[in-house]
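Take a look at the structure set out below.
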Amino acid sequence: MSIILGIDTSCDDSSAAIIKDGWQLSNIVASQNQIHRQYGGVFPTLAKQAHRENLPAVVAMALKQARVQWSDIDAVAVTKGPGLAPALEVGISSAKNFATLYQKPLIAVNHLEGHAVSALIKPLSKKGSVQKNDWQGESWPKLALVISGGHSEFILIEKPGQYQKLGYTIDDAAGECLDKVGRLLNLGYPAGALIEEFAKKGHAQRFVLPLPMTDRPDFNLSFSGLKTAARQKIAELENQGQLDQQAIFDFAASIQEAVFNHIIYKLERLLLSSNLRKLQYPDRKTFKNLQTKKEKSLALPFQEILLGGGVAANTCLRQKIRHILQAHQKLTKQKISLRTPYSKKLCADNASMIAFAGEIAFRKQKFAKIEDLERQPNLALS
Ligand code: KG4
Ligand code: ZN
């Protein structure tokens, strides 16, 4: 049994949450979107100031909504990275203060781990009954797909707390690409959710954008070429006076299609990999054999995909993933299911996922020393 307080200030959301044995008791997020919108991106010093102003009330609210006292808390988990250095600083120093004041162990969490495991969090039922969330006893490994504004990664979760990065973006993240194209279309910041709405009214085939990295035999991603191609096409439309409302809808649909097709292309290769742990890309022979049913199965080490990150809220992305999982099942007779966070609030940055990752560390009694804990803006997942 454990009750963990999580704190996240990695970017532009100040968040605190309480997780009790894998169940979310509260998850408070104070968004700074209004502050940063005018700059078309996150302004680090303003983010730091807003975290300082918001965090004490956010933590108090998380405790109140969860109906727990400081004496009930077993540990304080806080994001140590990756993220914006000045923003991370606020969460870490506040977690240290709480840990000292209330004599609680401190847990340092990798923000990426939070996104990777966010789909495992369960909501407290309306009646308030807490059954077991046996995430430890589930079948492992699982594949995590973290697609956000800062990250786009394929991660093999051997078991909770043990991660292998299979692929990652070599430049921009998927959400970053959508946000940048959104800015070119004057959609405001962040643009991902609006692009999803506009895409519903547009034709995804009107603007043909490239499919990146098809010549690279790895599971890495790249979105900067798409962004450049989009910029050129938008400039052409503007010069010709053709960037009307329908063109914006069509562009939203086309860029969304291109970003997701790239992720799906690499995911498809990954599912057909002959040896995932060695990052072995499928060769032509394997493909052919699969199509002619000579090769029955590829012994993938996982049966479930966990989706996380802000872009994971997108219904079109979820549909595309489910679609290729069905096609994969037809081809290989292997059933792989997709698990998404139970609420869209858990896709975007939030402290519930940090408290949940904190619970994983708590069970292993992996604590951080107050004097050693420092922000790590470029922290990788290992
Ligand atoms: O996870 P997140 O809140 O922050 C990071 O850790 O980066 O992700 C924010 C990103 C932004 O780029 C935003 O535009 C994108 O997620 N996003 C979406 C949607 N909602 C948020 N992208 C596509 N479709 C959405 N519905
Ligand atoms: Zn994030």
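Read-outs throughout are calculated quantities, based only on the coordinates presented, and are distinct from any laboratory measurement. Note that the structure is predicted; figures quoted are calculated from it, not measured. Glycine also receives a Cβ, built like all others from the backbone with ideal geometry; neighbour counts cover every protein chain displayed.
Working note: Debye formula, equal point scatterers on the alpha-carbon atoms of the chain, no solvent; log10 I(q)/I(0) at q = 0.07 Å⁻¹ is -0.32. Computed from phi, the 3J(HN,Hα) profile of region 117-123 under the Karplus parametrisation 6.51, -1.76, 1.60 (θ = phi - 60°) reads 9, 4, 6, 7, 5, 10, x Hz, with x in place of Gly and Pro.
Identify the GluC sites (Glu not before Pro) of region 126-198 meeting these criteria: DSSP loop state and at most 16 other C-beta atoms within 10 Å of the C-beta.
Values: sites: 138, 153, 158, 176, 196, 197; in loops: 138.
Taking region 126-198 and a limit of 16 other Cβ atoms within 10 Å, the loop GluC sites (Glu not before Pro) found are 138.
Taking all Cα-Cα distances within region 26-120, those exceeding 17 Å account for 58%. Using the Stokes-Einstein relation with a Kirkwood hydrodynamic radius computed over Cα pairs, the translational diffusion coefficient of region 185-229 at 4 °C and a viscosity of 1.567 mPa s comes to 101 µm²/s.
The sum of -39500 (n - 2.57) across all DSSP H runs of n ≥ 4, divided by the residue count of the chain, sets its helix-only mean residue ellipticity at 222 nm to -13000 deg cm²/dmol.
When the alpha carbon gyration tensor of region 160-281 is reduced to an equivalent ellipsoid, its three semi-axes come out at 31, 14, 12 angstrom, largest first. Mean sequence separation of contacting Cα pairs (under 8 Å, at least six apart), scaled by the length of the chain, corresponds to a relative contact order of 25 percent.
Of all complete DSSP H helices in the chain, those with a Cα span along the helix axis of 20 Å or greater and a mean Kyte-Doolittle hydropathy of -1.0 or more are 44-66, 85-102, 224-239, 245-271, 315-332.
Spread over its residues, the convex hull of the C-alpha atoms of region 1-70 is 82 Å³ per residue. So for region 65-164, what percent of the C-alpha to C-alpha distances run longer than 22 Å? The proportion of pairs with Cα distances above 22 Å equals 46 percent. Summarising the strand pairing of the chain, around 60 percent of its internal DSSP beta bridges are antiparallel.
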